[in-house]
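Trainee: Right, I'll just put the structure down here and ask away after.
Laboratory data are not the source of any read-out in this text; all were calculated from the coordinates shown. Values in this document were obtained by computation on a predicted structure and should not be read as measured data. Glycine also receives a Cβ, built like all others from the backbone with ideal geometry; neighbour counts cover every protein chain displayed.
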Amino acid sequence: MQFISLNPEGRFVVQPPAVQFLRSLPGPLTVVSIIGRYRTGKSSLLNGLVGVSTFPTSSTVQAQTKGILLHRLDATTLLLDTEGLGSLEVSREHDASIFALALLVSSGCFFNTLGSITSQTLEDLHLASKVAGLLCKHLQFRKQLPGLVWILRDFTLELCDRNGLPISADVYLEQCLDTGDPTRAADLRMLFPSRHCLPLPRPTAEEGDLREMRNLRPEFHHGLKALRETIRQYPPKTIGNLPATGDQLCVLVEALCTALNSQAVPDLSDVWTLVSQQARKQAQLQAQQAVQGATSCLEGLRGAYAAYTTTSLDESLTSDALFALVCEWVRDSPQDSGFEQKYTETRRALDVQADTHVSQLRDWETKFQDQAGYLEASHRKVAILSHESLTLQHHLKELEDVVSPPILETPALLSAMEGLQEKHQQLKAERLEQKQALAAAAQKIRVLEESLEDLTPRLEAARTLATSLESGLQETKNDLQRTTTEVAIWRARYEETQARTEKKRKVGDDAYTELITLTSEVTFLRGRREEDLKRLQSISQDNRLLLQQVQTLQVRLAVEISKG
């Protein structure tokens, strides 16, 4: 279907059926566009990708595609067929506008040319560099420029370097960029940081089959398969850091058309502001709907927060500021008349709950440390008791192994034996007590180990949370460092531009001074010329008087001669 067309006044118009179709797509959407010179088979290639004749084609020398055409390849992928570059019917400014529209709404871009890469084809692609400065002025657009796949149609040459060694198509593309104009190469590399090249052979030898894209060669089928795989690898089109829906694409395209129709240099920062405002309005509406459909204040607040964060493009708001915004939007909801008060009470309760959790976590950490210390002391005590038990067992064995000689049982001997028996009973009792103490210590160790196992996951979760917070802080520091680097680079470029401007201004001042000097000399010469003219007029008048006197004398002379 026709997506963007040009009305009789030469203004870009987004067709209502395409707008209605896009608004019905929830997203996320992947948009792939194809650009190139007219009559090079762009529409035929897209028909080959689709598998049916969807985009109009013809066998005449006249350009077939006008504006931008739209087709849905699958549930999440859109194909854009653009008007060919270099047509005699339109200007290069029109080509640049079509190119800019295709780039800004696409996730990927195919550049279609015939044969090998030449200086002319590089110049055609360099047409995009005229709008590259505009695209890169706004950081959000600079981050979202599409990847480029340069398609070499009807390619029959062998890819090799100057030494005859085989090279890949991507290396061939980079070598062509390096051998051309350095400024042009820098512009193209800045505009397309992701670049690939894909050579395609002639689809078929028969012209009729070529127009209908049938009876294609196996090599061409392999190339189409590679293009389909490339399309599947393209990420969804993003606006900000969020995948774009059909409604957001409509807002973006309409804003771009309005900027290009103003017949001035389009300010894409204003376009971004408009898209962000539309996204915020939609996020506000969804947040209010989430509150109205909620059964409680807390549920409504959570739903509104989730709706806003998944729809809005505003990345600068903190969580507290975002909660305050959501509260501001939904506090007048007819379902929750006292939403702000409930929100305050809920936040207070959540803060108390969070403080309680933090306090419990700290108590668990303290308890864990105490239990760990007590467990270590218990281990030391068990080791001491085990050592004493082994010592008693050794002494007891020594007593049991004593063999007395056969002597007479005297009262002194009987008394000594009784003492030994009592000592033996005492040692047995002490050994039993030590065994019981050892068993009690082992039981206590098992209890402590079970308690430690319960506390370990909680402590690991707390450590994981702290690690994630540190990782987030490090990422924030890295982003800040990258931003600082970019600011320094742009500042250096700005200072260089100022120096060049100052140099040009100085040259202009010198030229102006020289112009004033020349003007003075011309004025002086003009005055001398006027004086010379006056002298010439005076001499001419004197000559006339002398001539009259000569004529008078001649008359008198004639009269005198006649008298004589």
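Trainee: Give me the number: length gained by fully extending THR523 to THR484, i.e. 0.36 nm times residue separation minus the C-alpha to C-alpha distance, one decimal in nm.
Mentor: Taking 0.36 nm per residue and subtracting the Cα distance, the gain is 8.3 nm.
Trainee: Which number do you get for Rg(Cα) / (2.2 N^0.38 Å) in segment 2-262?
Mentor: Taking the Cα Rg and dividing by 2.2 N^0.38 Å, one obtains 0.98.
Trainee: In segment 2-262, with Lys and Arg counted as +1 and Asp and Glu as -1 at Cβ, which of these residues, THR113, LEU79, HIS94, has the Cα nearest the positive end of the dipole, that is, farthest along it?
Mentor: In segment 2-262, that residue is LEU79.
Trainee: Around PHE12, what is the net charge, scoring Lys/Arg as +1 and Asp/Glu as -1 over all other residues with Cβ under 14 Å from its Cβ?
Mentor: So the environment of PHE12 carries a net charge of -3.
Trainee: Would you calculate the separation in nanometres between label points at LYS534 and GLN289, each defined as 7 Å from the Cα along the Cα-to-beta-carbon direction?
Mentor: 9.1
Trainee: Along Cα→Cβ, 7 Å out, is where each label goes; now give me the distance between the ones at GLN541 and GLU470 in nm to one decimal.
Mentor: For GLN541 paired with GLU470, the spin-label model returns 10.7 nm.
Trainee: Among 113-126, 4-17, 69-82, how do they line up from the highest to the lowest mean number of other beta-carbon atoms within 10 Å?
Mentor: The peptides rank, most packed first, as 69-82, 113-126, 4-17.
Trainee: Also, I was wondering about something else. Which of LYS477/LYS503; LYS367/LYS435; LYS225/LYS281; LYS42/LYS237 have a Cα-Cα distance over 31 Å?
Mentor: LYS477/LYS503; LYS225/LYS281
Trainee: So, one more: Per residue of segment 156-161, in order, report the coupling 6.51 cos²θ - 1.76 cosθ + 1.60 (Karplus, θ = phi - 60°) as ³J(HN,Hα) in whole Hz, putting x for Gly and Pro.
Mentor: Each residue of segment 156-161 in turn: 10, 7, 9, 7, 8, 8 Hz.
Trainee: What is the sum of charges, Lys and Arg at +1 and Asp and Glu at -1, for the other residues whose Cβ falls under 12 Å from the Cβ of ILE231?
Mentor: Computed value for this residue: +1.
Trainee: How big is the charge dipole of segment 24-118 about its Cα centre, in debye rounded to the nearest 20, if each Lys and Arg gets +1 on its Cβ and each Asp and Glu gets -1 on its Cβ?
Mentor: Charge dipole, segment 24-118, about its Cα centre: 120 debye, nearest 20.
Trainee: Under 10 Å from the Cβ of ALA102, count the other residues' Cβ atoms, weight Lys and Arg +1, Asp and Glu -1, and hand me the total.
Mentor: Around ALA102, the surrounding residues sum to -2.
Trainee: Taking 0.36 nm per residue of separation and subtracting the Cα-Cα distance, what length does fully extending ASP74 through GLU376 add?
Mentor: Value of the extension gain: 102.2 nm.
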